[in-house]
Amino acid sequence: MSENIENTAFVNEEPKNMAAVVEGLLYLLGEDGIKAEQLALAIHKSDKETAEILEEIKKKYDSDEFGIELVNYGGVWKFITKKVVYPFAQELFNNVKPNTLSQSALETLAIIAYKQPVTRVEIEELRGVSAETMLRRLLARNLIKEVGRSEAPGRPILYEVTEEFMDSFKLVDLKELPDLPNYSTDDENTELFK
């Protein structure tokens with residue numbers, strides 16, 4: 001019981017550097033990120049104070065000293081890798097794990113190959129999980145590429161597989177991919193990824 005009281009007292013103390021606390025929380029949240037309003041509740045600050053802290057952190061990471069940056073996409077704040085890192089990430093992935101892909105990577109690649117050009121949101125709808133990190137990894141491995149923007153609201157980026165993908169899977173044409181099974185529900189046939 002006394003331990004709970006101590007923990008509560010600790011949470012109620014004002015940290016000397018709230019920006020460090022916010023950085024840590026953003027790190028913990030990873031690719032999911034957080035809305036400023038939710039963060040404000042967690043750190044017991046007003047929306048204005050929270051926005052100021054986030055802008056302070058963003059300004060700090062805009063410097064060339066860091067390989068990551070703080071972004072706000074659709075009202076969600078999160079850390080992402082800067083573009084300057086991608087060529088080195090390609091080398092890392094090519095040298096460290098040249099021939100292995102996780103199940104998540106294979107699922108994401110399959111969706112892109114069968115449905116291209118496709119947006120991140122479409123991939124996430126099919127997989128049911130966030131695809132941002134996986135897309136960055138596949139871009140770094142040069143298995144997918146950005147091919148423009150959709151006309152949908154927000155103009156999301158469109159992805160397609162690359163020649164490297166074709167080489168890796170020994171494909172001459174995407175028509176060589178196996179046919180997908182048909183699934184029926186209530187006597188209506190629907191094809192996966194259609």
*Taking only the range 155-184 into account, find how many residues are part of a strand (DSSP E or B) and hydroxyl-bearing (Ser, Thr, Tyr).*
3
_Pairs, first under 14 Å from Leu26 (Cα atoms) in the range 51-77, second aromatic (Phe, Trp, Tyr) and not in a strand (DSSP E or B), C-beta under 8 Å, six or more apart_ = Ile68/Tyr61; Glu69/Tyr61; Leu70/Tyr61
*Count, please, the residues in the range 123-142 that happen to be buried (at least 17 other Cβ atoms within 10 Å of the Cβ) and either β-branched (Val, Ile, Thr) or in contact with a Leu (Cβ under 6 Å, 6 or more places away or on another chain) (or both).*
1
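Rule-based calculations on the coordinates, nothing more; no lab input. Predicted model only: the values in this text are computed from it and were never measured. Cβ coordinates were reconstructed from backbone atoms using ideal geometry, including for glycine residues, and neighbour counts include every protein chain displayed.
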